[in-house]
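Right, one structure below, let's go through it.
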Amino acid sequence: MSKLQRLRDNIEALQHAMSSTSEYDSEILNKYSGFGGLTFVLNPLEPTAWTKNDMMYYQDTVKLHELLREEAGSDKEYQAWVESLKASTLTAYYTPGELIARIVDAPNAVGFKTRVVLDPAAGSHGAFAQYALSSCNMWGNMKGVLYEKDLLSGFSHELCLTTEI
């Protein structure tokens, strides 16, 4: 998927998650993939500050910042979202499903009966917890603790989890 499509999908998911008038749509929200590697979203919003290569992302980046400004309850909240966005462009990583399965299944494979799953960076989908929940019939009752430090991923995450943990 192109960076531009990821940016557009993220904006659409955030718009949907932040809208109090729209009905929950998991198809839209599940397209959210965070801003890891999309460092251009941190460029100043003046076109002259953008490189020729990044100009294709300019209009959508402006749209992202307009959305955040509109939805933030204060300038302080907007700044917190931008700081979280800044941190996530450098550190966000989405774990492949095969690796999640191996990590979650490993304790059971050696005889431990896992009953609690900690998802330390739940992102927008809570992938570790979702995998563990889908395996519940195999292990019995399961509890999950989900945490996400990225404010924007965490915001969309509140609506993305459809199974109560």
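The values are calculated or read from the model by the stated rules, or taken from the named source; none is laboratory data. Only a predicted model underlies this, so the values are computations on that prediction, with no experimental measurement involved. Positions of Cβ are generated from backbone atoms using ideal geometry, with glycine treated the same way; all protein chains shown enter the neighbour counts.
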Some residue of region 21-42 being within 15 Å of L64 (Cβ to Cβ), buried (at least 16 other Cβ atoms within 10 Å of the Cβ), in the same structural domain as K63 (by TED's automatic domain parsing) and more than 16 Å from the chain's Cα centre (by Cα): yes
Failed item in (1) at pLDDT below 90; (2) buried (at least 16 other Cβ atoms within 10 Å of the Cβ); (3) in contact with a helix residue (DSSP H, G or I) (Cβ under 6 Å, 6 or more places away or on another chain), with L7 passing the rest: (1)
Any hit, region 60-76, residues being outside any helix (DSSP H, G or I) and either β-branched (V, I, T) or surrounded by fewer than 13 Cβ atoms within 10 Å (Cβ to Cβ) (or both): yes
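So that you can scan it fast, the table gives a plain yes or no per residue for (1) farther than 24 Å from D25 by Cβ; (2) of a type in the set (G, A, S); (3) modelled with pLDDT of 70 or more:
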{"residue": "K63", "(1), (2), (3)": "no, no, yes"}
{"residue": "W81", "(1), (2), (3)": "no, no, yes"}
{"residue": "T89", "(1), (2), (3)": "yes, no, yes"}
{"residue": "N108", "(1), (2), (3)": "yes, no, yes"}
{"residue": "A122", "(1), (2), (3)": "no, yes, no"}
{"residue": "L133", "(1), (2), (3)": "no, no, no"}
Hey, S26 out of contact with any Leu (no Cβ under 7 Å at 6 or more places or on another chain) and touching a residue at least 60 places away in the same chain (Cβ under 8 Å) or not: yes
